[in-house]
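Participant: Can you keep this structure in mind? I'll have questions shortly.
The values are calculated or read from the model by the stated rules, or taken from the named source; none is laboratory data. All of these numbers come straight from a predicted model, not from anything done at the bench. Please note: Cβ atoms are built from the backbone with ideal geometry, for glycine as well, and neighbour counts cover all protein chains shown. Accessible surface areas use protein heavy atoms only, side chains included; no ligands, DNA or RNA. Shrake-Rupley method; radii C 1.70, N 1.55, O 1.52, S 1.80 Å.
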Amino acid sequence: MKVDIEEINSTKRALRIELPPQSLLDKLEAAYRHLAKEVRLPGFRPGKVPRDVLRLRFKERAKEDALRELIPESYTRALKDANLDPVSEPRVDEVVCEEGQPLRYRASFEVRPTLKLSGHTGIEVYKEKVEVAESEVDKALEYLREQAAEYVPMDGWPALREDLVVVDYEALLGSKPLKGVSGQNVSILLGARQFIPEFEEQLHGLKKGEVKEFPIEFPADHARRELAGKRPLFRVVVKEVKKKRVPALDNDFARSAGECETVPSLREKVKKDLLAHKEREQAGRLKDQILDKLLAGHPFDAPESLVDAETEDMLENLRRSLAGRGLTAVQLEEEMARGHAKATDLARKRVRSSLVLEAVAEQEQLVVSEEEVNQEVRSLAAAFNQEPTAFSEMMRREGRLEGMRRRLLERKALDFLYQRANVGEGVNLVTLA
């Protein structure tokens with residue numbers, strides 16, 4: 001086998017591969033033997049069709065079968081011999097395939113750019129002075145109180161904004177229930193706009209035990225097909241009206257919310273937590289600055305196949321997010337169109353960041369241990385409330401473990417850059433205002 005490597009640019013390569021005539025003849029012979037067993041022709045018994053008849057009738061098919069085996073086999077062998085690691089599927093062209101002649105073809109693909117880093121340690125960035133104002137502590141305590149609020153049933157009280165209303169409901173078209181549009185003991189927080197807005201509006205002023213019927217007209221392009229263009233009649237039974245009760249900021253609350261004996265000690269704990277949070281955020285911003293400076297100092301092209309794959313992932317995530325907002329089909333496509341250009345730009349930066357961090361890890365001989373992988377699996381399993389062993393097996397089965405290992409290595413490389421950066425002191429006050 002003869003292989004010539006063609007360097008198109010920093011991320012594109014092509015292999016011109018030539019196989020001896022016998023390689024093609026052997027595959028063609030195997031293809032004709034298979035065809036002889038498979039084809040049925042008038043006047044010939046099964047498996048007894050002469051070879052010259054097969055060549056006359058099925059020459060092109062035999063070539064296709066031979067190439068279907070020869071090209072992947074020789075391409076894989078050529079990559080290994082040339083020590084090349086593609087990041088895209090090959091594009092095969094310029095195929096010359098004739099019996100008795102060498103088989104020739106060209107396979108083009110993308111590779112990671114070769115990066116030799118310099119100046120990646122000692123990058124200068126400046127951090128600001130981080131402080132927590134008392135007003136921020138007040139705001140955080142109010143948030144904690146809101147999180148600890150309870151909804152207390154109130155008989156005889158009308159439902160108002162921020163009340164929790166528990167209802168049974170069904171939708172009727174004519175006299176028939178609309179399939180899939182009903183619910184029992186459904187909790188709706190008025191004003192939160194987590195349910196159909198027109199439906200929520202009809203609940204204001206209702207009391208426990210009251211029944212109300214009202215129509216709602218849905219647009220023809222509504223995302224839920226069973227509702228698109230329909231004007232069903234909703235029937236609602238109010239099961240409960242609950243008012244929010246926020247706990248007082250006292251020592252009992254301090255003990256329950258923060259395991260502190262007094263309100264002042266709770267304030268101090270909250271202040272320390274806010275400071276730690278701000279310091280983590282600032283470290284994240286500094287890491288971003290370090291990475292931006294490293295990218296600016298090492299210009300290179302990102303393989304378009306990687307950018308396209310990252311863009312598709314981002315757009316799919318965006319589509320899932322938008323689908324849960326009840327947009328019409330037209331609105332959904334408009335939002336997707338607006339997000340496409342932004343997604344492409346961000347995807348390109350993400351790919352370049354990933355490649356430069358891979359280069360840092362390789363150059364500095366950074367590795368991710370099995371224990372680090374296992375710890376990440378345990379953390380993710382806990383976050384999703386799953387058993388670690390089953391979660392690990394699911395990730396392995398879905399091919400996600402290697403991606404997680406790669407992200408851990410990138411995180412380690414970024415931590416390496418941060419630890420060896422030249423971080424100067426600033427004077428600005430960081431606030432949450």
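Participant: Of K179/K208; K139/K412; K278/K349, which ones are farther than 30 Å apart at the Cα?
Facilitator: On the way: K179/K208 26 Å; K139/K412 35 Å; K278/K349 25 Å.
Listed pairs above 30 Å: K139/K412.
Participant: For segment 92-147, give the percent of accessible area contributed by carbon and sulfur heavy atoms, probe 1.4 Å, rounded to a whole number. List each step's numbers first, then the result.
Facilitator: Working: 1500 of 3190 Å².
Looking at segment 92-147 in its full context, I get 47 percent from C and S.
Participant: Just read off the accessible area of H277 with the full protein assembly in place, 1.4 Å probe, to the nearest 10 Å².
Facilitator: We get 80 Å² for H277.
Participant: On a 0 to 90° scale, report how tilted helix 263-297 is relative to the longest principal axis of the chain, with both axes built from alpha carbons and the result rounded to the nearest 10.
Facilitator: For 263-297 against the chain, the angle is about 30 degrees.
Participant: Round to the nearest 10 and report in Å² the accessible area of H34, as given by a 1.4 Å probe over the protein chains' heavy atoms.
Facilitator: 100
Participant: How high is the relative contact order of the chain, given as a whole-number percent (alpha carbon pairs under 8 Å, six or more residues apart)? Display every interim value, and only then the final one.
Facilitator: Working: 592 pairs, mean separation 79.3, N = 433.
It comes to 18 percent, rounded to a whole number.
Participant: Where a Cα-Cα gap under 14 Å defines reach, which aspartates and glutamates qualify for K63, not counting those fewer than 8 residues away within the same chain?
Facilitator: Result set, ordered by chain and number: D26, E29, E98, E99.
Participant: Calculate for the chain the 222 nm mean residue ellipticity that helices alone would give, adding -39,500 (n - 2.57) per DSSP H run of length 4 or more and normalising by residue count, nearest 500 deg cm²/dmol.
Facilitator: Working: 11 runs with 212 residues, N = 433.
Using -39500 (n - 2.57) per qualifying helix, the result is -17000 deg cm²/dmol.
Participant: Accessible surface of S88 in the full protein assembly, 1.4 angstrom probe, to the nearest 10 Å²?
Facilitator: 30
Participant: Moving on to the next point. Residue by residue through segment 122-129, which ³J(HN,Hα) values in whole Hz follow from phi under the Karplus form 6.51 cos²θ - 1.76 cosθ + 1.60 (θ = phi - 60°), with glycine and proline marked x?
Facilitator: Ordered by residue, 3J(HN,Hα) equals x, 5, 8, 9, 10, 9, 9, 5 Hz.
Participant: Now for a separate question. Per residue, how large is the accessible surface of the chain? Use a 1.4 angstrom probe and give square angstrom. Before the final figure, lay out each step's value.
Facilitator: Working: 26530 Å² over 433 residues.
Result: 61 Å² of accessible area for each residue.
Participant: Cα to Cα, under 19 Å, and not fewer than 8 places away if on the same chain: which lysines meet these conditions relative to K207?
Facilitator: Here the lysines satisfying the reach criterion relative to K207 are K239, K242, K243, K244.
Participant: Then there is this: Within segment 81-137, which GluC sites (Glu not before Pro) sit in a loop by DSSP and count at most 11 neighbouring Cβ atoms inside 10 Å?
Facilitator: Numbers: sites: E94, E98, E99, E110, E124, E128, E131, E134, E136; in loops: E98, E99, E131.
Counting only loop positions with at most 11 other Cβ atoms within 10 Å, the GluC sites (Glu not before Pro) in segment 81-137 are E98.
Participant: Evaluate the chain: find the radius of gyration of its Cα atoms, find its Kirkwood radius, and give the ratio Rg to Rh. Numbers along the way, then the final one.
Facilitator: On the way: Rg = 32.8 Å, Rh = 29.4 Å.
With Rh from the inverse mean 1/r over Cα pairs, Rg/Rh is 1.12.
Participant: Something else about it: At 0.890 mPa s and 25 °C, plugging the Kirkwood radius over alpha-carbon pairs of segment 309-433 into Stokes-Einstein gives what diffusion coefficient in µm²/s? Intermediate results must be reported in sequence, preceding the final value.
Facilitator: Values: Rh = 17.9 Å.
Calculated translational D: 137 µm²/s.
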